[in-house]
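Here the structure comes first, spelled out in structure tokens, and everything after it is commentary.
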Amino acid sequence: MPYITTDDGVRLYYEEAGSGIPIVFVHEFAGDLRSYEPQMRCFARRYRCIAYNARGYPPSDVPDDLARYSQDRARDDIKAVIAALELDRPHVVGISMGGFATLHFGLNYPELTRSLVIGGCGYGAEPSKRAQFQAEAEAAAQRFDTLPMTASAERYAQGPGRLQLRDKDPRGFAEFVRNLAEHSPVGSAMTLRGVQKMRPSLYEMTERLSRLVVPALVMCGDEDEPCLDPALMLKRTIPSAGLAILPRTGHALNLEEPELFNRIVGEFFHQVESGRWPIRDLTAGAGRIL
């Protein structure tokens, strides 16, 4: 099985397919590299595609020390994958937890990436929702601590941003729940406490975001309520950002609408590679209407 090793000695399992300009896919909390199968099959026809399991997600290592889980670790694990596989400025695609890691990666290592796709990024970001999010993350972690993994997965999968996938694609939703039930309860609880619960609010980062010039595509489902306002804030703040809103779509946007997701992302890649994704003209936000 292929692994890379991070600078703190954690082994990360990865899979790859295709050849060409590289793409690194960074998965969400409730997913793993299998969540990107619709993207791997599509983009591997023209790109070298790499998807990996985050720390805490077997067959990647599952450290039992909470200090080894953090937003900074998640960010630097992307860097470790790129370095180990000697990737030349990949596109980096992240959903939810992976979207946060992708954004932080772009802020800290802009020279290492060609573009950023930041999907479903915003849970707990709004200052008025931070305490609620942290409480819900801790409650979910306690369920992973105490309940059988199948029960924890079933409960987590009933979140309001998941019901759209359930209703659109029952077979896909059942597969999503089965895959989630195969995760490590220790890794899940540690990730909730160390990465999710403790990450900084996006609204505390606006000054840094305003200086980000790596081509960025912010994506959000229009029924993913906790991410809508943060997505608009990211679009307004990052001068290199575009915004794509997928209609009648919840949190797992790449699984709910794989064809639409792939088409939008593929067009974004094409624009970036053609040098046609410029920094936004600041007069577009000058405050005038006419």
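Computed from the coordinates by the stated procedures, all read-outs in this text should not be read as laboratory data. Bear in mind the structure is a predicted one, so any value in this text is a computation, not a measurement. Reconstructed Cβ throughout: ideal geometry from the backbone, glycine too, with neighbour counts over all protein chains shown.
Overview of results
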| item | result |
| --- | --- |
| GluC sites (Glu not before Pro) within region 137-199, DSSP loop, no more than 12 other Cβ atoms inside 10 Å | none |
| Cα-based shape type of region 29-168, given that a ≥ b ≥ c are square roots of the gyration tensor eigenvalues and the cut on a/c is 1.5 | prolate |
| Contact order relative to length of the chain, as percent, for alpha carbon pairs under 8 angstrom and 6 or more apart | 19 percent |
| Summed residue charge, Cβ within 15 Å of residue 66's Cβ, Lys/Arg positive, Asp/Glu negative | -1 |
| Selected from 221, 159, 242 as most flexible by GNM, with the chain as the system and alpha-carbon contacts under 10 Å | 159 |
| Cα centroid of region 93-147 to Cα centroid of region 7-61, whole Å | 17 Å |
| Cα-based shape type of the chain, given that a ≥ b ≥ c are square roots of the gyration tensor eigenvalues and the cut on a/c is 1.5 | rounded |
| Region 3-268: antiparallel DSSP beta bridges as a percent of all, rounded to 5 | 25 percent |
| Sites residue 236 and residue 1 - FRET efficiency at Förster radius 51 Å, r taken between beta-carbons, to 0.05 | 0.75 |
| Ranked by how many other beta carbons lie within 10 Å on average, peptides 118-129, 249-260, 3-14 from highest | 249-260, 118-129, 3-14 |
| By average C-beta atoms within 10 angstrom, highest first, the peptides 189-198, 231-240, 88-97 | 88-97, 189-198, 231-240 |
| Least to most buried among 144, 100 (fewest other Cβ within 10 Å first) | 144, 100 |
| Net charge, residue 79 excluded, C-beta distance under 15 Å - Lys, Arg +1, Asp, Glu -1 | -3 |
